[in-house]
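Every read-out reported here was derived from the displayed coordinates using simple, explicitly stated rules and does not represent laboratory data. Keep in mind that what you see is a predicted model, and the values were worked out from it rather than measured. Don't worry about glycine lacking a Cβ; one is built from the backbone with ideal geometry, like all the others, and counts go over all protein chains shown.
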Amino acid sequence: YTPDLIRNFSIIAHIDHGKSTLADRLLELTGTIKRKEIGKNEQVLDKLKVERERGITVKAQTASMVHPFNGKSHLLNLIDTPGHVDFAWEVSRSLAACQGALLLVDASQGVQAQSISVFHIAKERGLTIIPVLNKIDLPAAQPELIAAQMQSTFGIDPSEILSISAKTGQGVEAILQAVVDRIPAPQSRRDEPVKAFLFDSLYDRYRGVISLVNIQDGVLRKGDRIVSCHTRKKYEISEIGVMYPEEVATDILCPGQVGYIACNMKESSEAHIGDTLHRVGEPVLPMPGFKPSKAMVYAGIFPVDSSDFPKLEESIKRVRIIFISTSWDGDEDVFNSQNSVTTPVTYQRESSSALGQGTRLGFLGTLHMDVFRQRLEDEYDANVIITAPTVPYKLIYRGGKEKLISNPTEFPDASDPSSKVVEIQEPIVKASIIVPEEYFGDMMELCYTRRAEQLNHRYLDTGSDASSSRLILSCVVPLSEIVTDFFDQLKSRSSGFASFDYEDAGYQKSDLAKMVFLLNGKPVDALALIVHRSAQDTVGRAWVKKLHKVIPRQLFEVPIQAAIGKKVIARETLSANRADVTAGLYGGHYERKMKHLENQKEGKKRLKRIGTVDLPQEAFFDILKR
Ligand code: GTP
């Protein structure tokens, strides 16, 4: 296929607006997959528990298809983008391989927060946008109203909107025509040196790393020796082909094409998304805008039974499907690439006096963390203890030196006079919430309790009847306030109607402190938190109450305290309990008595000693589970 017969496009949409269903329909219409295979395919995609529970797809689905237009066969490459706010940067990178995008909007739900953010990403990239209204088969669909919304929000001419039902297939054929007709062909040149843009990667147990590439210029062949612009490492292409929709070897990729390459990359961390590859000895200018993924949320992960650490670490390796090149316990290894969905951005060993040996991982966001946790628990076949999530804070020292920290234990102690930290900053984000007018008050309240500033709002629908009016609310809010239960709160306070999105907005000075929890006067390192001073009392009280409920009673009274520096913020007292397991067994029931004592001994093994207090490690699981 010459470039004029190629179209590279993505489907962009808010979660649940029908991206996967439409992708399947397009593949089916072009004969890339058979109809009966679709059921199978969906099952495969739906296999992961977290995807089922959250109702979202996190697996990539890049595929090529062939479609005739004006008597000529065209090659259409559908490039998948991840569908969640955590992956905004990944979306932007995948879109760099496209010239156009289908903006899919649910005709019953209308424009949502992510419809807007993905629209802007696509616009910034200069892509041709084909607006599509989906789910017109639903009785609740309001195509005219939503079309007007798309006009007022995006400045889209309603006559350009295609109305479809991805479920029944109605109108889907017209999408294929529009892709060929409206989206420009890639401006790729055959006679230039090879320039391949790496936009995604997967891992294959046998062949190692498979990179998905878009050939910007030149012709790439099997056997070619290539170099990464980012790492300067050299490779030889052992296999090359297209995704149809599985890998089909072709031995050659022509300018404008999208396909896969296998070379001798052993670790997924070598496949840097956004990297440019060229032939050895034929240098090119790399594609602009490369930046590694940035961890926004960190958490410690520990086994419930501390002797299980090697098994846990093994499972982490398997879930990441990554093999660490350097040392497994070196300083913060960065794996900023591949299949971001299951790969933590950073990995570091961590040991805690309360929880023993564990790891500290960095994620793109809390969903990313949840997806990873769920897969880890499936692989590891047991629960894991995850510490409260922390965002990266910035410490500014006297003299201007800066340091980013991601672990509360590294945070300076509020009462330490020798601390050279003069300022503490926290990451902030620009958030947008779209919500029906009736929930506006609840949303404002939620934002206020989360320290939101610069609150603004405007109506999304113009001229429609007041009962269905929706508002878009925007604000600047600390990231730490949304990595906990913000999303759940947003959903429950709006009966599920609110949609939400955010983008990075840098750092801001903040009045933060480290809160520690003490059992009988001894701090428990794994429970330390960073809190904003304005919330310290509420947070301290809530945690102390929770600890009081979860920690088993001891043979003596145990004070449970929350403290900042030397100041105690909250306190509960756990009353004493005589754990005499044989108390109820009178008479000569010797055997039964012995068995009880044995059981008690077994239990003791798994107890953690914090000062004088014995805690089963499971208690931490209960304390920290969200
Ligand atoms: P994520 O993977 O979470 O991004 O969602 P998605 O955008 O891929 O949505 P998906 O294709 O999984 O569709 C979400 C739900 O909407 C599914 O239950 C689909 O069956 C349903 N759906 C998709 N298209 C249509 C449609 O045209 N009509 C109706 N009635 N339902 C549809």
Check your understanding: Ranked highest first by average number of other Cβ atoms within 10 Å, how do 96-105, 396-405 line up?
Key -> 96-105, 396-405
Practice item. Could you work out the local net charge near Ala513, counting Lys and Arg as +1, Asp and Glu as -1, over the other residues with Cβ closer than 11 Å to its Cβ? Key: +1
Practice item. Give the long-range amide H neighbours of Met296: residues separated by 5 or more places, or on another chain, with amide H under 5 Å away, using H modelled in the peptide plane at 1.01 Å from N. Key: Phe363, Leu364, Gly365
Review point. Amide H to amide H under 5 Å from Ser201: which residues, 5+ apart in sequence or cross-chain, H placed 1.01 Å off N in plane?
Key: Leu212, Asn339
Review point. Taking the Cα-to-Cβ direction at Gln508 and at Arg318 and moving 7 Å from each Cα, how far apart do the two end points lie in nm?
Key: 4.4 nm
Check your understanding: Hey, which of these cross-link pairs are over 28 Å Cα-Cα: Lys19/Lys430; Lys430/Lys566; Lys317/Lys420; Lys167/Lys294; Lys233/Lys311?
Key -> Lys430/Lys566; Lys317/Lys420; Lys167/Lys294; Lys233/Lys311
Review point. Using the per-residue mean of other Cβ atoms lying within 10 Å as a proxy for protection, in what order, highest first, do the peptides 11-17, 278-284, 441-447 fall?
Key: 11-17, 441-447, 278-284
Review point. Classify region 349-495: rounded, prolate or oblate, from the alpha-carbon gyration tensor (a ≥ b ≥ c, eigenvalue square roots; a/c under 1.5 rounded; otherwise prolate if a/b is larger than b/c)?
Key: oblate
